[in-house]
Amino acid sequence: MKFSMKLVLSTMIVLALALGFSGFYFVNYVFETSLDREVGQALDESSILGFAFETAALNVPLKYSVLPDSVVEEIASKLEMGGQSGGRLLRIADEEKNILYTSGGFTADEGMLPQTDQHTKAYRVICEQERYYVHTCVSINALNRILYLETMKDVTEVFTERALGFSLYRKVTLVMLLTGMVVMLVIASLLTKPIRLLTKATRKMAEGDYAYRAKQISRDELGQLTDDFNRMANALEENICKLEEEIEAREEFMGAFAHELKTPLTAIIGYADMLRSHKLDEEKSIMSANYIYTEGKRLEAMSFRLLDIIVAKQEEPQLQEMPVGELFAYLQEMFAEKKEADIRFTHEEAVVRMEANLIKTVLVNLIDNACKASETGSGMNAADSDTALIRADGAGVDMAGAGIEGIVSGETGAGADGTGSDMVGVVEVTGQTVENGYRIAVRDYGIGIPEAEQSKIVKAFYMVDKSRARSKNGAGLGLALCAEILKIHHSELQIESKVGEGSCFSFLLP
């Protein structure tokens with residue numbers, strides 16, 4: 001059963017009970033009030049008749065010392081005919097409660113006479129021949145006689161009015177219930193409309209339409225529920241998009257990783273097979289062994305880089321205070337012989353909290369990327385290189401080695417044409433104190449990164465130009481590691497770049 005119908009039925013049940021009890025109480029209250037009024041009038045009339053009987057008895061001739069039965073009957077007859085309607089229903093009994101006079105139509109039994117004495121009045125409501133009467137009984141004192149006067153007052157109209165009241169109220173209640181049901185159906189439809197809209201939105205989302213949203217049509221609790229549902233749907237859609245992106249990135253990662261493994265493994269297997277199956281002279285044997293060693297180191301460095309990324313996600317670094325001067329001194333010494341770019345270091349003295357070896361890894365990667373992006377005609381961006389690696393103990397691992405193209409051609413460390421570049425670009429490494437900490441930035445004036453690619457370059461194995469990146473022996477892991485290291489330092493990599501103008505990578509340390 002629908003919620004709206006449950007609401008209507010429950011309201012109708014409550015309304016029916018309320019109208020039933022209130023109607024019964026109201027009609028019964030009117031009936032009891034009218035009946036009490038009739039009983040009061042009957043008792044008053046009984047008292048008046050008794051007084052009239054005693055008065056008439058005083059007019060009896062003095063020759064009677066005791067009121068005779070014949071006179072009693074005569075007085076009773078006159079009292080019976082003296083009513084407004086031309087007659088009364090009365091009955092008179094003597095001291096022994098024997099009946100002396102009875103009006104025609106007086107049908108009440110004698111059950112109330114034994115309950116009446118000289119000092120009490122009695123009454124009851126009786127039903128005789130489908131009519132209702134107030135039966136009263138009082139004692140009267142007439143000429144030294146104690147007589148008992150009984151009367152019957154017709155109150156059938158009061159009971160008829162009660163029956164009519166109940167009948168009318170039942171009809172009114174039925175009309176009110178039908179009207180109330182129609183009104184409640186409309187109200188329930190309006191009240192449950194947000195629920196229907198939420199149900200529709202839930203069904204749409206279950207069918208895969210995650211962009212569908214429920215329309216908010218009220219500001220009450222249901223409206224708030226709709227708003228909360230839409231915000232939940234937004235979060236769900238965002239999470240699903242993230243999951244889809246992660247799945248896509250994982251597939252790309254697996255594909256890129258497999259490809260990156262295939263290239264050096266092809267060279268290793270090829271040259272190992274050559275050494276195994278051919279007797280080579282000393283020079284060719286050394287060259288083949290060198291290619292195997294170089295590609296092996298490349299695989300080793302790639303595995304170390306992946307391991308560093310995994311470790312960086314799981315470990316909490318031990319942050320220590322360190323003068324910035326020591327960090328920049330290390331970098332100047334590290335890149336003193338770098339020929340690919342003119343690296344300029346400037347910094348303000350300060351003491352920062354960091355894990356030194358991890359931050360060195362970040363800066364070595366950023367500077368090495370900037371140098372490669374600054375090479376004339378390199379076509380590289382900062383996400384394409386990861387040739388420099390600093391292990392946790394601070395030692396450098398040289399990943400420089402020829403790709404499969406260089407292996408085949410016999411060239412290493414050269415450009416596509418086998419020659420190095422004579423022109424170098426400028427790379428600026430700066431450190432300065434800012435409001436919230438110490439900012440270190442690495443800026444180059446190379447080819448830059450397209451805006452659409454800037455949010456993706458920190459993903460593992462993501463390379464904007466894969467062919468050129470591989471020519472530089474990169475696998476797209478450097479910035480992914482940098483991002484994870486900065487994340488555990490409660491910082492993040494800020495990227496500013498324009499195609500053709502260069503890039504600036506910066507981060508903030510406490």
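Going by average Cβ neighbours within 10 Å, how do the peptides 487-500, 144-157 rank, with the highest at the top? Present the calculation step by step, with values, prior to reporting the outcome.
Details: 487-500: 15.5, 144-157: 19.3.
The peptides rank, most packed first, as 144-157, 487-500.
If packing is taken as the average number of other Cβ atoms within 10 Å across a peptide's residues, how do 118-131, 43-56, 3-16 rank, most packed first?
The most tightly packed comes first, giving 43-56, 3-16, 118-131.
Could you rank 265, 299 by how accessible they are, 1.4 Å probe, largest area first?
On the way: 265 70, 299 35 Å².
Highest to lowest solvent-accessible surface, that is 265, 299.
Using only C-alpha atoms and all pairs of different ones, pull out the Kirkwood radius for the range 98-145 in Å with one decimal.
Roughly 12.3 Å, rounded to one decimal.
Measuring from label point to label point, each 7 Å out along Cα→Cβ, what is the residue 18 to residue 426 span in nm?
According to this spin-label approximation, the distance is 8.4 nm.
Can you tell me the alpha carbon radius of gyration of the range 138-221 divided by the globular rule-of-thumb value 2.2 N^0.38 Å?
Numbers: Rg = 33.2 Å, N = 84, 2.2 N^0.38 = 11.8 Å.
That works out to 2.80 for the range 138-221.
Read phi for every residue in the range 113-127 and hand back ³J(HN,Hα) as whole Hz from Karplus 6.51 cos²θ - 1.76 cosθ + 1.60, θ = phi - 60°, with x for Gly and Pro.
The phi angles translate into 4, x, 8, 10, 10, 5, 10, 10, 10, 10, 8, 7, 9, 10, 10 Hz.
Once the Cβ-Cβ distance between residue 6 and residue 250 is put in as r, and R0 is 41 Å, what FRET efficiency do you end up with, to the nearest 0.05?
Efficiency for this residue pair is about 0.30.
If each residue of separation counts as 0.36 nm, what is the full-extension length gain between residue 193 and residue 357 once their alpha-carbon separation is subtracted?
Numbers: separation 164, 0.36 × 164 = 59.04 nm, distance 6.11 nm.
Here the answer is 52.9 nm.
Over all directions, how big on average is the projection of the convex hull of the alpha-carbon atoms in the range 239-298, in square nanometres?
Details: hull surface 17.9 nm².
So the Cα hull casts an average projection of 4.5 nm².
May I ask for the Rg/Rh ratio of the range 67-177, computed from Cα atoms with Rh as the Kirkwood radius, given to two decimals? Working shown, then result.
On the way: Rg = 18.3 Å, Rh = 15.8 Å.
Ratio value, two decimals: 1.16.
For residue 155, list long-range residues whose amide hydrogen, built 1.01 Å from N in the peptide plane, is under 5 Å from its own amide hydrogen.
Answer set, sorted by chain and number: 132, 133, 134.
Need the list of lysines near residue 279 for cross-linking: C-alpha distance under 21 angstrom, and skip anything on the same chain fewer than eight residues off.
none
With r defined as the distance between the Cβ atoms of residue 121 and residue 34 and R0 fixed at 30 Å, what FRET efficiency is calculated, to the nearest 0.05? Please list the in-between numbers first.
Details: r = 21 Å, r/R0 = 0.69.
FRET efficiency, residue 121 to residue 34: 0.90.
Once the Cβ-Cβ distance between residue 176 and residue 228 is put in as r, and R0 is 51 Å, what FRET efficiency do you end up with, to the nearest 0.05? Can you show the working numbers first?
Details: r = 38 Å, r/R0 = 0.75.
The pair residue 176/residue 228 has a calculated efficiency of 0.85.
For the range 268-279, take each phi angle, set θ = phi - 60°, evaluate the Karplus expression 6.51 cos²θ - 1.76 cosθ + 1.60, and give the result in whole Hz per residue in order, putting x for glycine and proline.
Karplus-based 3J(HN,Hα) across the range 268-279 equals 4, 5, x, 6, 5, 5, 5, 5, 6, 9, 10, 8 Hz.
The values are calculated or read from the model by the stated rules, or taken from the named source; none is laboratory data. Quick caveat: nothing in here was measured; it's all calculated off a predicted structure. Positions of Cβ are generated from backbone atoms using ideal geometry, with glycine treated the same way; all protein chains shown enter the neighbour counts. Surface areas here come from the heavy atoms of the whole protein model, side chains and all, with no ligands, DNA or RNA. Shrake-Rupley method; radii C 1.70, N 1.55, O 1.52, S 1.80 Å.
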